[in-house]
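> Okay, here's the structure, questions in a sec.
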Amino acid sequence: MRVRTTAVLLLSALVTAGCGGGSDESATDLLARAKTTLDEASSVHFVLTSEGAPSGGTAVLGGEGDIARPASFEGTLQVQALGSSVEAQVVSVDGTVYAQLPLTSGFSVVDPATLGFGDPGALIDPDDGISQLLTAVESPELGEESRLDGEVVRQVTGSLPGDLVESLLTTEDPAQPVDAVFSIAADSGELREVALTGPFFTADETGGYTIVLSDFGADVQITAPPTD
C-alpha cells in the first residue's frame, strides 16, 4: 500500500509539472511566466486589429507580420492617413524602417511616427516591447479558463499606465490608464492575445487594439530591402 501511494504521488507531481503553471499560480506569477516565455522566443507572428477608429486623423488600424530578434519585422500595416485607409508593406531591421506605400515602385526609409506607429521591429524587445506590459499591470486579477482557437488559456485583467502604452501604440491622452486583458496559454505560458481599451483615437472616447501572437520560435529570416 505504501509503494502504491508513493507511485500515485509521484505521478501526480509529474502531471502538475508538465502543465507549466500550477492551479495556485497567481495573476502576477502567470504574467511573469508569460514574459519569460515571450522574451525567450526567437520570433513570433502577430496580428493587430483595431476598433473605434474615426474616419479622420492618422493612426495604425491593423497589420500582420513576423517579428524576429534582435529587432526585425516584415509584414503589412494598415494605416489611416489623409482621410483614407492604405496598406503598406513594411520591413524593419535594426531600427531602420522601410515602407512601400501604394502607388510607389519600391521601398523607402520612413519615420514610422509619421504613419502613426512605432518601430514594429521592437515589439518583442524585452525592455521596450510587448512584454514590458506584462510586468506593468496594475491590480492584476485572474479570470476564468477558456479556449482560444482550441487551446486552453487563462485571462488576466488589469490596467496599464497610459504613457507606457503610448510607447507602443499612440494614445490621445497618455495620462489616462488603459484597460488590458491578457490571454495566456495555460500549459506553455505563451502570450496569445492582448486586448487594450483606452483613448487611442480621441481623448474623450475609448477605442481598442487587439494583438494576437502565434508561431513562437518559427524559423524567420528578415533582411533589409533595396530602396529607391
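The values are calculated or read from the model by the stated rules, or taken from the named source; none is laboratory data. For clarity, every value in this text was computed on a predicted model and none was experimentally measured. Backbone-built Cβ (ideal geometry, glycine too); neighbour counts: all protein chains shown.
> For the stretch 187-210, name all the residues that are surrounded by 19 or more Cβ atoms within 10 Å (Cβ to Cβ) and either outside any strand (DSSP E or B) or of a type in the set (F, W, Y) (or both).
G189, E190, P199, F200, F201, Y209
> Further question: Out of the residues in the stretch 211-228 that are in contact with a His (Cβ under 9 Å, 6 or more places away or on another chain) and crowded, with 16+ Cβ neighbours inside 10 Å, which is farthest from Q155 (Cα to Cα)? Steps first, please.
Filtering the stretch 211-228 down to residues in contact with a His (Cβ under 9 Å, 6 or more places away or on another chain) leaves 212-216, 218, 220.
Going one step further and asking which of them are crowded, with 16+ Cβ neighbours inside 10 Å, we end up with 212-213, 216, 220.
Numbers: V212: 14, L213: 15, F216: 19, V220: 29 Å.
Among residues in the stretch 211-228 that are in contact with a His (Cβ under 9 Å, 6 or more places away or on another chain) and crowded, with 16+ Cβ neighbours inside 10 Å, the one farthest from Q155 (Cα to Cα) is V220.
> If you don't mind, there's one more thing I want to ask. Counting just the residues of the stretch 6-54 that are more than 20 Å from E144 (Cα to Cα) and in a loop (DSSP other than H, G, I, E, B), which one comes out modelled with the lowest pLDDT?
P54
> To continue, here is another question. Is it fair to say T96 is surrounded by fewer than 22 Cβ atoms within 10 Å (Cβ to Cβ), of a type in the set (V, I, T) and under 21 Å from L164 (Cα atoms)?
Working: surrounded by fewer than 22 Cβ atoms within 10 Å (Cβ to Cβ): yes; of a type in the set (V, I, T): yes; under 21 Å from L164 (Cα atoms): no.
So T96 does not fit the description; no.
> Also: Looking only at residues in the stretch 99-141 that are at pLDDT 90 or above and among the hydroxyl-bearing types (S, T, Y), which one is surrounded by the most Cβ atoms within 10 Å (Cβ to Cβ)?
S131
> For the stretch 55-63, check the following and say yes or no: at least one residue is within 13 Å of the chain's Cα centre (by Cα) and either modelled with pLDDT of 95 or more or assigned to a strand (DSSP E or B) (or both). Break it down into steps so the answer makes sense when it comes.
Within the stretch 55-63, the first condition is being within 13 Å of the chain's Cα centre (by Cα), and the residues that meet it are 62-63.
Then drop every residue that is not either modelled with pLDDT of 95 or more or assigned to a strand (DSSP E or B) (or both), which leaves 62-63.
Looking through the stretch 55-63, at least one residue is within 13 Å of the chain's Cα centre (by Cα) and either modelled with pLDDT of 95 or more or assigned to a strand (DSSP E or B) (or both).
> Look at the stretch 152-178 and say how many of its residues are surrounded by fewer than 15 Cβ atoms within 10 Å (Cβ to Cβ) and in a strand (DSSP E or B).
Qualifying residue count, the stretch 152-178: 1.
> If the Cβ limit is 8 Å and pairs must be 6+ apart or interchain, which residue in the stretch 25-50 that is more than 12 Å from G189 (Cα to Cα) pairs with which residue that is in a helix (DSSP H, G or I)?
V44/L38
> Right, next: Within the stretch 179-201, is there a residue that is under 13 Å from V44 (Cα atoms) and either in contact (Cβ under 8 Å) with a residue 60 or more places away in the chain or of a type in the set (S, T, N, Q) (or both)? Break it down into steps so the answer makes sense when it comes.
Within the stretch 179-201, the subset under 13 Å from V44 (Cα atoms) is 190-193.
Keeping just the survivors that are either in contact (Cβ under 8 Å) with a residue 60 or more places away in the chain or of a type in the set (S, T, N, Q) (or both) gives 190-191.
Checked the stretch 179-201: at least one residue is under 13 Å from V44 (Cα atoms) and either in contact (Cβ under 8 Å) with a residue 60 or more places away in the chain or of a type in the set (S, T, N, Q) (or both).
> Inside the stretch 211-228, can you point out the residues that are over 23 Å from L191 (Cβ atoms) and part of a strand (DSSP E or B)?
If the condition is that a residue be over 23 Å from L191 (Cβ atoms) and part of a strand (DSSP E or B), then T227 is the only one that fits.
> Does the stretch 68-81 hold any residues that are touching a Gly at 6+ places or on another chain (Cβ under 8 Å) and either under 26 Å from E172 (Cβ atoms) or among the basic types (K, R) (or both), and which are they? Please lay out each step first, then the result.
We begin by selecting, within the stretch 68-81, every residue touching a Gly at 6+ places or on another chain (Cβ under 8 Å); these are 71-81.
Within the stretch 68-81, F73, G75, T76, L77, Q78, V79, Q80, A81 qualify.
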